[in-house]
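Accompanying notes for the structure given below.
Computed from the coordinates by the stated procedures, all read-outs in this text should not be read as laboratory data. Nothing here was measured: the structure is a model prediction, and the numbers come from that model. With ideal geometry, Cβ positions are generated from the backbone for all residues, glycine too; neighbour counts draw on all protein chains shown.
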Amino acid sequence: MKRSAEKAGSNIVLALDLPPEKPQSLMSKSLDLLERMHPYLCAVKINRQLVLPLGLSDGARKLVNRIHDFGLPAIMDCKINDVGHTNRLIAEYYYKAGFDALTANPFVGWAEGMQPVFEVAEKMNRGVILLVYMSHKGAGEGYGQMVRDPKTGRMFPQFVVFAEWALSWGADGAVVGATYPEKIRQVHDVLGDRVPIYSPGIGAQGGDVAAAVDAGARYLIVGRSITLAEKPVEAAKFVRDAAKQR
């Protein structure tokens with residue numbers, strides 16, 4: 001990611017968020033967006049809403065190959081969150097389809113939860129990005145709840161614990177919503193420069209580029225503000241340039 005961002009002069013991860021359509025139309029629009037905007041991106045993120053209609057073995061793999069043709073990493077936003085043996089298989093399927101990294105939800109814990117995902121990632125030389133604090137309005141109900149440390153009895157916000165896990169587990173990134181710059185700052189206080197922060201929610205959800213970057217976000221995940229814009233290329237340039245000014 002770092003090499004890709006430096007080469008492109010951009011910290012923008014494009015989220016290919018598109019309205020529901022027939023698979024052929026989704027593929028055509030996705031390829032067109034990639035063709036026009038790849039010079040302004042450092043990576044591309046694909047979500048399950050796109051993989052489901054396209055299919056993993058055919059459509060999604062074709063899309064990932066095209067992303068790689070442009071020299072960009074492909075991230076699968078699958079939010080893995082199940083028991084270990086299931087998580088292992090999910091990770092293997094996505095990595096074998098060509099994805100360079102995937103997102104995972106640390107709520108399930110390490111033993112028989114996230115451990116198999118990290119084992120597969122290490123074996124296949126791929127990445128794992130943990131969800132530390134999401135960007136939607138209800139994020140605080142889970143990620144913001146207070147939890148007790150069983151060893152010390154002290155209380156901590158759940159997302160701070162997740163940030164600490166991202167460090168101890170060796171995660172390749174941490175997702176913290178751009179809609180909560182104060183949470184980005186708190187997570188950055190834990191992670192420093194050791195684990196980069198990816199911030200979704202720019203624009204469509206109300207997240208601000210300057211606030212997110214100033215708080216410690218390294219990469220900005222931007223979807224509908226670009227993909228649904230009247231002029232997507234101009235929108236991508238605007239976000240990229242706004243981030244560069246910080």
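Of all DSSP bridge pairs formed entirely within the range 72-212, close to 20 percent run antiparallel. The value of relative contact order for the chain, using C-alpha pairs under 8 Å at least six residues apart, is 18 percent.
Rounded to the nearest 10 degrees, the angle from helix 181-191 to the longest Cα principal axis of the chain is 70 degrees.
For the residue pairs 96/237; 79/123; 62/231; 22/96; 7/29; 137/183, the C-alpha atoms sit more than 23 angstrom apart in 96/237; 62/231; 22/96; 7/29. Kindly express, to the nearest 10 degrees and within the range 0 to 90, the angle between helix 84-96's C-alpha long axis and the longest C-alpha principal axis of the chain. Around 30 degrees separate the two axes. The charge dipole of the chain, taken about the Cα centre with unit charges on the Cβ atoms of Lys, Arg (+1) and Asp, Glu (-1), comes to about 220 debye, rounded to the nearest 20. Helix 115-124 and the long axis of the chain differ in direction by around 40°, with both axes built from C-alpha atoms.
Annotation: the antiparallel percentage among DSSP beta bridges lying fully within the chain is about 10. When the GluC sites (Glu not before Pro) in the range 143-235 are filtered for DSSP coil states and for at most 13 other beta-carbon atoms within 10 Å of their beta-carbon, the remaining sites are 230.
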